[in-house]
1. Add -39500 (n - 2.57) for each DSSP H run of 4 or more in the chain, then divide by its residues: what number comes out at 222 nm, to the nearest 500 deg cm²/dmol?
2. Of the listed peptides 199-208, 345-354, 398-407, what is their order by residue-averaged count of other C-beta atoms within 10 Å, with the highest listed first?
3. For E496, tell me the accessible area in Å² from a 1.4 Å probe, rounded to the nearest 10.
4. Looking at the stretch 106-198, what % of its DSSP beta bridges pair antiparallel, to the nearest 5?
5. Name the residue from W339, I316, G302 whose Cα lies farthest towards the positive end of the charge dipole of the stretch 228-342, charges +1 on Cβ of Lys and Arg and -1 on Cβ of Asp and Glu.
6. Whole percent per 20 Å bin, from 0 to the bin with the longest distance: what is P(r) over all C-alpha pairs of the chain?
7. If the only charges are +1 at each Lys and Arg Cβ and -1 at each Asp and Glu Cβ, what is the size of the charge dipole of the stretch 441-544 around the Cα centre, to the nearest 20 debye?
8. So for the pair K215, Q151, with labels modelled 7 Å out along Cα→Cβ, what separation do we get in nm?
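The values are calculated or read from the model by the stated rules, or taken from the named source; none is laboratory data. Quick caveat, the model's predicted, so the values are computed rather than measured. All Cβ positions, glycine included, derive from the backbone under ideal geometry; neighbour counts span all protein chains shown. Quick note on the areas: whole protein, heavy atoms, side chains included, nothing else; ligands and nucleic acids left out. Shrake-Rupley method; radii C 1.70, N 1.55, O 1.52, S 1.80 Å.
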Amino acid sequence: MRYKNILSLVLLFCASVIHAQNNNSGVQLKKADGFPQLLINGKPFLILGGELGNSSASNTGYLKPGWKYLQQMYLNTVLVPVYWELLEPEENKFDFTLIDGMIADARQHNMKIVFLWFGTWKNSMSCYAPLWMKKNAKRFPRTQDTSGRSQEIFSVFGKETLEADKKAFATLMRHTKEIDANEKTVIMVQVENEIGMLPTPREFSKTADSYFNAKLPTELISYLQKNKNNLVPELREKWEKQNFKTNDTWTTTFGEGVLTDEIFQAWYYAKYTNEVTLAGKKEYDLPMYVNAALPRPGKLPGQYPSAGPLPQVMDIWQAGAPALNMLSPDFYNPNTKYWCDLYVRNNNTLFVPEMQFDKTCAAKAFFIIGHYKAIGFSPFSIESENSAYIPLAKTYDIMQQLTPFIANKQWLNMDGFLLDKQNRSTTIKMGQYNLVVSHEATLSWSSEAKDSVWSTTGGIILQTAPDEFLIAGTGVVVTFENTDKNMVSNIAAVDEVSYENGKEIKGRRMNGDQDHQGRHIRFSVGDWGIQKVQLYNSPAKIDN
Ligand code: DGJ
């Protein structure tokens, strides 16, 4: 038994050495006991980010006044577009002015960068491809709309398009390594942007049809067979209905219809993106991901950008693009829980690169990081003037104080919650306790109790010792129950706390009205904070 343990330790050590050798950037995505960590030089980092509006990185002067504002929001990372048309305005002539400028400015403001490679596709279209490519449809074939007219979308089957993208992306990564490998300002890269086919569920052309009518690639078949029992149900069911066929065309394997068109297109998007990713990683092996435009309810592939890295085809993307580290959802809808639940399947690490920048972001950041163990969060158009910046700054301030606990996994249990009028209360079990977490407006005497609209509120809870919790957030009330009905749990002490580089600074003792005379802990709507709670237990029945 002892030898077995030693042997597995040795194997684990070898595996981590091999992994470290494979990774030439010093930035890695890892899972420690199922908890995802982004490591920079071995140190966990939590992305408190924001994505720039599409055009804001096309001129370094434009953003100069904005950096201060980003710092005031407690951002530690900016998601920055890199535009292929401006990087390679003439074939094989590269201009790194914007790259160098953004890196220099980020460093000056003590921030990290995630580059967004606006390459072959940006929101389905190919608007950021260089003009010398757009003008040469013979060399760089385009897709067609339903009437057969050429669209400004490069075909996934364009071999020269792929080679050109690989070359440009590899050049970007080589340059980034040259100027940044020591400082590691750039920590991650998004490959392409919201890939997806419009307005048809797949490409229709002679070339596309010949691939579509061919047998399924053996590489995909072996993946399906190997992962048969772990496929997402949406995909498995389609395959099962066709009796798990393994040596046939796309329609005989998955059935007729637009959903199969989507699977087909997703495979070729994934293969293409994988090659671009590999070309970049070969130069500089930063973690890389793709992002997805989430469909509106009731829409079919082609009515929404078909075949992007969406939940129903996540197996296809994972099979076709194993070089990618994550598939990430972009949120412009309110169904945060629904989509996040889908994106943490198949061992996918959650990172939210885009979210509509509104007041709910402040609560959603707590929830997404606390509940889904996301490695980061990032509202879109972060530099824009927006009143949502104040609540987000309050959340990010707290999250950066708690980062040493969260990212280093200095907790026994961690969870996050999101509350509104429809979702008023939730119970979270941690150790021997049930924590009943409710919207502050559930208290009849709270300011929002009688309003028709309740603010979206949220928070994060870390159990730091069996009877100790750090609770942070806004607009919430928490009560504590013992899971053993023979015991009652009460508050021993509640302290307002803050942290500087992990060092605790004690604030007020929150007894009396602040904890409702020992009944609960509370953050009012509009207040943000961290409270440290100690509990004690006593028998439920005492024979006096
Ligand atoms: C999602 C895209 O990924 C962004 O680049 C931007 O176009 C936003 N949509 C706009 O809402």
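1. Helix contribution divided over all residues of the chain: -10000 deg cm²/dmol.
2. 345-354, 398-407, 199-208
3. 50
4. Counting only bridges with both partners in the stretch 106-198, antiparallel ones make up about 35 percent.
5. W339
6. 20, 50, 27, 3, 0
7. Roughly 80 debye for the stretch 441-544.
8. Computed distance between label sites K215 and Q151 equals 3.2 nm.
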